[in-house]
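Participant: Just passing along the structure, written as structure tokens.
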Amino acid sequence: MQARSPTTAPGGGGRLSVLQRHLTAVPLSGQVSSATYAPNFCYTLDNDLLTTEQRQFYEENGFLVIKNLVSHKDIDKFREVFERVCKKELTAPGMVVMRDVAIAKSEFVPDQKAITKVQDFQELPELFEYCSLPQIVQYVKCFTGPNIMSMHTMLINKPPDAGKKTSRHPMHQDLHYFPFRPADRIVCAWTAMERIDRSNGCLVVLPGTHTGELKQHDYPEWEGGVNKMYHGVRDYDPSLPRVHLTMEKGDTVFFHPILIHGSGMNRTAGFRKAISCHYASSDCYYIDVKGTTQENIEKEVIELALKRYGVEEILLKDAWMAKGRLVQGERINL
Ligand SMILES: CC(C)CC(=O)SCCNC(=O)CCNC(=O)[C@H](O)C(C)(C)COP(=O)(O)OP(=O)(O)OC[C@H]1O[C@@H](n2cnc3c(N)ncnc32)[C@H](O)[C@@H]1OP(=O)(O)O
Ligand SMILES: Nc1ncnc2c1ncn2[C@@H]1O[C@H](COP(=O)(O)OP(=O)(O)OP(=O)(O)O)[C@@H](O)[C@H]1O
Ligand SMILES: O=C(O)CCC(=O)C(=O)O
Ligand SMILES: [Fe+2]
Ligand SMILES: [Mg+2]
């Protein structure tokens, strides 16, 4: 299976697809026109921004790449801020600076370059600016609607692999980490801060998997070790069709939280950088993950909160309530 290009004419040639289930009528020939046919989309909302082709692509594949969405100037600024965070010149409450497991567990005394990602920068305005960029938010709205919360922020600095393949991110569904629903009103924006391809560990996606269920996740059994909380889908089948997303600096992919994705090993000497934010409609509601496949991640988050902050009696949703920030509209449930 190949992801259909968003520039492919809709209705032209393709396989039987999700598309067919989402159209009330499929024409025998010619173009699908939203004026003639009322498409029954469920993963995207009516909006003035996405073309019907782009909507169909997301409905069918669970992701959509928008080229050149963030300016090089903004990206260079985020890069400088990141460097200052690494040098500890800048910090913010709640922000987590994480090292790669291969480095964290070795005797080697690392310099600032050893940082594999910065997470939860919602209180650092110089980076949080990314989450409020109008050109990003206008796309986000097509998935979440007008009341938009940023829920999770990351700047990923995938290190050159130390030889143990720990720079990989196992195949997973982001919804595993999120105790809020509905999934269709959650979206991730992920922007390449430089050219990213297979050599430095690009995103790898399994197109169409967003129509499936949330799966059980565990630590993959990798000889070289796995980073803290990098859970992968259990029994990942490497023969499933996958697409490597080669992206240029500033290109941004929007993807669904049930889409199975991961990233490969960084075989270059450079630190591969991307910045991302997960957004949700503030109309989403929290769920209790007790008795679900998400129990194991809740347990880890609770253990970490106890160890790090000494807080007891929290639930997974408390952690997310603390991280969420209103980006646009009104804060309702989250
Ligand atoms: C959709 C989205 C949510 C998807 C994701 O983001 S999945 C990944 C999520 N991952 C996380 O949220 C983890 C965030 N990271 C952290 O909380 C921290 O960096 C920690 C892993 C807890 C390390 O904390 P830190 O303050 O750096 O503490 P220390 O350097 O003193 O180390 C404390 C113990 O942790 C170990 N450690 C540090 N870095 C890693 C690592 N990368 N992977 C696995 N273990 C690690 C370290 O060896 C030490 O272990 P012990 O000596 O206590 O046994
Ligand atoms: N056992 C596993 N469980 C979960 N995810 C896995 C597993 N093995 C590999 N992956 C993930 O599959 C994706 C592809 O991995 P891989 O290392 O093959 O990267 P790649 O970019 O395809 O490189 P290559 O050029 O070697 O094929 C990555 O996201 C990786 O983390
Ligand atoms: O490697 C990346 O940049 C993506 C990581 C990812 O999917 C995640 O942290 O949820
Ligand atoms: Fe992810
Ligand atoms: Mg491989």
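Participant: Could you list the square roots of 5 times each eigenvalue of the Cα gyration tensor of region 66-328, that is, the equivalent ellipsoid semi-axes, sorted largest first and rounded to whole Å? Present the calculation step by step, with values, prior to reporting the outcome.
Facilitator: Working: eigenvalues 114, 101, 87 Å².
Taking √(5λ) for each eigenvalue gives 24, 22, 21 Å, largest first.
Participant: Next question, about the same structure. Apply the Karplus parameterisation 6.51 cos²θ - 1.76 cosθ + 1.60, with θ equal to phi minus 60°, to every residue of region 82-89 and state each ³J(HN,Hα) to the nearest whole Hz, in sequence, with x for glycine and proline.
Facilitator: 4, 4, 5, 5, 4, 7, 6, 7
Participant: Which of the aspartates and glutamates could a cross-linker bridge to Lys117, judged by Cα under 18 Å and excluding same-chain residues fewer than eight apart?
Facilitator: By straight Cα distance, Lys117 reaches Asp76, Glu80, Glu83, Glu89, Asp100, Glu126, Glu129, Asp161, Asp174, Glu194.
Participant: Can I ask one more? Go through 154-160, 216-222 and give me the packing order, highest mean Cβ count within 10 Å leading. Please report the intermediate quantities before stating the final value.
Facilitator: Numbers: 154-160: 22.4, 216-222: 15.3.
Final packing ranking: 154-160, 216-222.
Participant: What does the highest-first list of 300-306, 87-93 look like by mean Cβ count within 10 Å?
Facilitator: Top of the packing list down: 300-306, 87-93.
Participant: Something else now. Give the cysteines in the chain for which no other Cys Cβ lies under 4.7 Å away, or write none if there are none.
Facilitator: Singleton cysteines: Cys42, Cys86, Cys142, Cys188, Cys202, Cys284.
Participant: Please go through the residue pairs Lys158/Lys290; Lys164/Lys317; Lys165/Lys273; Lys67/Lys88; Lys77/Lys105 and name each one whose alpha carbons sit more than 23 Å apart in this structure.
Facilitator: Working: Lys158/Lys290 33 Å; Lys164/Lys317 34 Å; Lys165/Lys273 17 Å; Lys67/Lys88 33 Å; Lys77/Lys105 31 Å.
Listed pairs above 23 Å: Lys158/Lys290; Lys164/Lys317; Lys67/Lys88; Lys77/Lys105.
Participant: OK, next. Pick out which of Ile186, Ile103, Ile148 has the largest mean-square fluctuation in a Gaussian network model of the chain, springs linking Cα atoms closer than 10 Å.
Facilitator: In this elastic network of the chain, the residue with the biggest mean-square fluctuation among Ile186, Ile103, Ile148 is Ile103.
Participant: To continue, here is another question. I need the peptides 117-125, 277-285 ranked by packing, meaning the mean over residues of other C-beta atoms within 10 angstrom, with the highest value on top.
Facilitator: On the way: 117-125: 19.6, 277-285: 23.4.
Top to bottom by mean Cβ count within 10 Å: 277-285, 117-125.
Participant: If I fit a long axis through the Cα atoms of helix 52-61 and take the longest principal axis of the Cα atoms of the chain, what angle between them do I get, 0 to 90°, rounded to 10?
Facilitator: The angle comes out at about 60 degrees.
Participant: How many Å² of accessible area per residue for region 66-328, probe 1.4 Å?
Facilitator: Values: 11570 Å² over 263 residues.
Using a 1.4 Å probe on heavy atoms only, each residue of region 66-328 averages 44 Å².
Participant: Where nothing but the Cβ of Lys and Arg (+1) and of Asp and Glu (-1) is charged, how large is the charge dipole of region 66-328 around its Cα centre, in debye to the nearest 20? Each step should come with its number before you reach the end.
Facilitator: Details: 35 positive and 34 negative charges, 128 e Å.
Approximately 620 debye in magnitude.
Participant: Enumerate the whole-percent occupancy of each 5 Å bin, from 0 to the last occupied one, for all C-alpha pair distances of region 188-334.
Facilitator: Final binned percentages: 2, 8, 13, 17, 19, 19, 14, 7, 2, 0.
Participant: Does anyone have the angle between helix 295-309 and the longest principal axis of the chain? Alpha-carbon axes, 0 to 90°, nearest 10?
Facilitator: Between the helix axis and the principal axis of the chain, the angle is about 40 degrees.
Participant: Compute, for region 39-100, the length of the dipole vector about the Cα centre, with Cβ point charges of +1 (Lys, Arg) and -1 (Asp, Glu) only. Units Debye, rounded to 20.
Facilitator: Numbers: 9 positive and 11 negative charges, 98 e Å.
Dipole size: approximately 480 debye.
Participant: Percent of accessible area on region 66-328 owned by carbon and sulfur, 1.4 Å probe? Show your work: numbers first, answer last.
Facilitator: Numbers: 5950 of 11570 Å².
Within region 66-328, the accessible surface is 51 percent carbon and sulfur.
Participant: Along the charge dipole of the chain, Cβ charges K/R +1 and D/E -1, which of Cys42, Gly310, Val253 sits furthest on the positive end?
Facilitator: Val253
Participant: Next up: Quick one: dipole size for region 162-290, taken about the Cα centre, charges +1 on Lys/Arg Cβ and -1 on Asp/Glu Cβ, in debye to the nearest 20. Please report the intermediate quantities before stating the final value.
Facilitator: Details: 16 positive and 14 negative charges, 88 e Å.
Dipole magnitude for region 162-290 comes out near 420 debye.
The values are calculated or read from the model by the stated rules, or taken from the named source; none is laboratory data. Here the structure is a predicted model, which is why all the values come from computation and not from measurement. Virtual Cβ from ideal backbone geometry, glycine too; neighbours counted across all protein chains shown. The accessibility values were calculated without ligands, DNA or RNA, using every heavy atom of the protein model including side chains. Shrake-Rupley method; radii C 1.70, N 1.55, O 1.52, S 1.80 Å.
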